[in-house]
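K.L.:
Here's a structure for you.
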Amino acid sequence: MSLTRNGLAAIALAGVAACSDSATTQPTEAELSLVRAAFSTSAPGYDSLSSSFNASGNTGVFAPRRRGDGRGGPGGEGPGSRDMMGGGFRDEFSGNIGFGPGLGRGPFGDRFSTDNCTFDAGTGIISCAPVIRDSLLITRTFRFSTAAGVAQAARDTATTNKIETTRSVTGVTSFSPRERRGFGHGFGPGGSGGPSGAGDDINTARTTVTSSSSRTISGLATGSTQRTVSGVSSGRESTTGTKASGAFTSLRIMGDTTTGVIIPMVTTGYPYPTAGSVIRSMNVSVTADGGSPVTSSRREVITYDGTNVAKVALTQDGVTKNCTIALPRGRMVCP
């Protein structure tokens with residue numbers, strides 16, 4: 001995908017082909033550095049979804065920043081050669097979590113609270129009451145079932161073999177230097193728009209978030225030798241705001257697809273995936289008042305082949321390079 005200043009290029013979310021746009025002039029490297037900073041974080045509320053993005057503690061609205069205010073790469077250009085986008089890669093996908101006693105039993109053995117939830121015996125779906133966190137509305141459903149496919153009203157640590165989940169995050173969060181609501185502390189890494197007026201010099205910003213995910217985990221019952229994980233997530237974050245230099249809009253679209261990731265059960269050490277793949281995508285666009293959009297895109301395709309090295313095909317703005325992740329507990333290394 002080529003970079004352009006006219007028209008937003010549609011992201012190839014979950015393997016969907018991207019649309020092309022008409023090219024006029026190419027953006028400068030200084031302009032691109034402002035946009036690439038967005039790749040270091042996830043959209044607000046993404047930590048409440050099921051995904052491969054390590055959003056926890058690193059979620060923040062994206063707004064254009066000054067050159068050099070970014071994190072991860074030089075000049076605020078986003079993730080470096082050892083980092084993956086969206087706050088990083090979740091530990092479960094790189095063997096960074098060991099198996100232990102109790103309910104968890106290792107990767108993807110989360111505690112699924114069913115407080116304030118209702119079980120539908122006809123569908124087997126457990127629907128939970130929506131909650132509001134940081135001004136965003138979060139919804140959740142679960143479905144627990146045995147190896148024979150029998151639905152369960154709650155998870156049983158011995159007999160529950162499959163968990164199917166859906167989650168969504170929607171709402172609007174706003175920001176001004178004197179009044180912070182929702183994810184106003186974020187606006188990308190570095191505390192842009194902070195009380196001192198440093199960073200992006202954001203005066204006001206209003207962001208609309210629409211995100212969702214679904215995931216299926218099987219192989220959870222006692223006696224299982226491996227877990228299999230599949231799922232998808234998608235998110236859209238649209239911001240309008242003002243800076244000292246004028247009005248701006250920004251758009252970030254992100255998502256991932258996990259297909260047949262298999263993690264063997266082990267009694268010691270750190271288990272890591274031996275099969276399957278994860279595709280992660282993000283597209284960012286920033287438009288200054290009266291200007292044309294400046295866009296950037298990134299795609300990470302991680303493949304597990306049974307060895308202790310995961311292959312990563314990393315495509316940044318149409319340029320692909322082949323990287324690796326040593327398993328377990330390694331970080332991405334690119335030539």
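K.L.:
Need one number: nm distance between label points at Thr222 and Thr157, each 7 Å from Cα along Cα→Cβ, rounded to one decimal.
P.N.:
Simple spin-label model gives 1.0 nm for this pair.
K.L.:
HN-Hα J couplings of the stretch 273-283 from phi, Karplus 6.51/-1.76/1.60, θ = phi - 60°, integer Hz, Gly and Pro as x?
P.N.:
Along the stretch 273-283, the couplings run x, 10, 7, x, 8, 9, 10, 10, 9, 8, 10 Hz.
K.L.:
Dividing the alpha-carbon radius of gyration of the stretch 197-288 by 2.2 N^0.38 Å (N being the number of residues), what value is obtained?
P.N.:
On the way: Rg = 20.2 Å, N = 92, 2.2 N^0.38 = 12.3 Å.
For the stretch 197-288, the normalised Cα radius of gyration is 1.65.
K.L.:
Mind listing the phi-derived Karplus ³J(HN,Hα) values for the stretch 41-50, rounded to whole Hz, using 6.51, -1.76 and 1.60 with θ = phi - 60°, and x for any glycine or proline?
P.N.:
Per-residue couplings from phi come out as 10, 10, 5, x, x, 5, 6, 8, 9, 9 Hz.
K.L.:
Lysines near Lys321 by alpha-carbon distance under 17 Å, same-chain residues fewer than 8 away left out - which ones?
P.N.:
Partners found: Lys311.
Throughout, read-outs are computed from the coordinates displayed, never taken from laboratory work. These figures come from a predicted structure and were not determined experimentally. As a convention, Cβ positions derive from the backbone with ideal geometry for all residues, glycine included, and neighbour counts pool all protein chains shown.
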